[in-house]
1. Quick check: is even one residue across region A:118-127 more than 22 Å from A:VAL236 (Cα to Cα), within 27 Å of the chain's Cα centre (by Cα), aliphatic (A, V, I, L, M) and open to solvent by 30 Å² or more (accessible area, probe 1.4 Å)?
2. Which number in (1) open to solvent by less than 70 Å² (accessible area, probe 1.4 Å); (2) in a strand (DSSP E or B) marks the one condition that A:ALA110 misses?
3. Does A:PHE180 satisfy the criteria of being open to solvent by 30 Å² or more (accessible area, probe 1.4 Å), in contact with a helix residue (DSSP H, G or I) (Cβ under 6 Å, 6 or more places away or on another chain) and touching a residue at least 60 places away in the same chain (Cβ under 8 Å)?
4. If I ask for residues that are surrounded by 13 or more Cβ atoms within 10 Å (Cβ to Cβ) and either more than 19 Å from A:CYS235 (Cβ to Cβ) or within 14 Å of chain B (Cβ to nearest Cβ) (or both), which ones from region A:140-158 would you list?
5. I'd like the residue in region A:236-245 that is of a type in the set (A, V, I, L, M) and modelled with pLDDT under 90 and, out of all such residues, is surrounded by the most Cβ atoms within 10 Å (Cβ to Cβ).
6. I'd like the residue in region A:163-177 that is under 22 Å from the mean Cα position of the chain (by Cα) and open to solvent by 40 Å² or more (accessible area, probe 1.4 Å) and, out of all such residues, is farthest from the other protein chains (Cβ to nearest Cβ).
7. For region A:3-20, enumerate the residues that are over 23 Å from the mean Cα position of the chain (by Cα) and among the polar types (S, T, N, Q).
8. Being among the aliphatic types (A, V, I, L, M), in a helix (DSSP H, G or I) and open to solvent by 30 Å² or more (accessible area, probe 1.4 Å) is the requirement here; does A:LEU233 meet it?
Amino acid sequence: MSLDMSGTISHFEVVIYQDLHLGPLDISISNTSVFTWLAVFVVIAVLRLAYLHPKIIPGYAQLLVETLYDFIARQTEGNIHREGKEYIPLMFTIFTFILGCNLIGLVPGAFTPTSQLAVTGTLAIGIFSYAIWVRVKRHGWGFFRAFSPQGVPPILLPLMVPIEFISFLARPVTLALRLFANMTAGHTALGVLAVLGLATPWFAQWLPLGFTVVQIALELMIAFIQAYIFVILSCVYIDDALADH
Amino acid sequence: MPSLKQDKQLHGHQWGLRVGTEIVASTVIGLTMGYFIDQWLHTRPIFLIIFAFFGLAAGFLNLYHLMVIDMQKSSEDDSS
């Protein structure tokens, strides 16, 4: 039996359902936008339903949501040292949004919005721009001095300034790349295992298809970890912007 | 508050996942900057090579910063 490996990556293809343009903006309805909105609605519905009848002694659903919130609140306050409390709503929103996008991709036939670099890149650039705005608001334009580290002899400055500048610019790129790469790699691995499983003779099929079950469990864990990492790093960048230099 | 075992495990995950992309991203940014400067000044491949090294150095610098922050944190945890 020949192997049709195109099935392993075909689910990353962006399909445009309706071409829409608003001036120079391309607001076409594609599978990315549809599944992003779906993820948002699912997240809102789940959180609302779990909190429909809040009790002092919580039920299972309420306990789950409260644990999730408590976890993010603790991490935010631990990583943004001074004004962590103010950022809890933002961080919880980012966390649940990314988690929703990651998890919705695990439903058979669904599309993973976070497997598109455009989606993760937009999120990362948004956070990064906000961190720069906070920096400028707090420290004025003096933050550019951070690119020339203290105690460096002037002769080394032409070497240090570009290095510091690149390491600063690398932040949003790592943030976007990590989420995108993890989601894409996980789904590709899942696709490869499934294609191999279908191509194997019937008596050996249990092996690759059994592994897809393990891989899905791993994907579930990665969906949580990646959303968590994104939030933690956003906290670190915002904390860095708030701190005195 | 003493750190829990789960917290330490999560911390390990966080570290491992962060370190991997750090060098790749910095090098890519360095290369991109070098490529465009070369295109602008028609000096290919001088700036591409120079900025590739800058990018690599930036990646290692980021790793160094990460390590310093991490060591400070763990020493704070130990002393409290």
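1. Within region A:118-127, one or more residues are more than 22 Å from A:VAL236 (Cα to Cα), within 27 Å of the chain's Cα centre (by Cα), aliphatic (A, V, I, L, M) and open to solvent by 30 Å² or more (accessible area, probe 1.4 Å).
2. (2)
3. Here the answer is yes, as A:PHE180 does meet what is asked.
4. Those that are surrounded by 13 or more Cβ atoms within 10 Å (Cβ to Cβ) and either more than 19 Å from A:CYS235 (Cβ to Cβ) or within 14 Å of chain B (Cβ to nearest Cβ) (or both): A:PHE144, A:ALA146, A:PHE147, A:SER148, A:PRO149, A:VAL152, A:LEU157.
5. Per the stated criteria, the residue is A:ALA241.
6. Checked region A:163-177; the qualifying residue farthest from the other protein chains (Cβ to nearest Cβ) is A:ARG171.
7. A:SER6, A:GLN18
8. Considered against the rule, which asks whether it is among the aliphatic types (A, V, I, L, M), in a helix (DSSP H, G or I) and open to solvent by 30 Å² or more (accessible area, probe 1.4 Å), A:LEU233 comes out as no.
The values are calculated or read from the model by the stated rules, or taken from the named source; none is laboratory data. This one's a predicted model, so the numbers in the text were calculated from it and none came from an experiment. Reconstructed Cβ throughout: ideal geometry from the backbone, glycine too, with neighbour counts over all protein chains shown. Just so you know, the surface numbers come from the protein's heavy atoms only, side chains and all, with ligands and any DNA or RNA stripped out. Shrake-Rupley method; radii C 1.70, N 1.55, O 1.52, S 1.80 Å.
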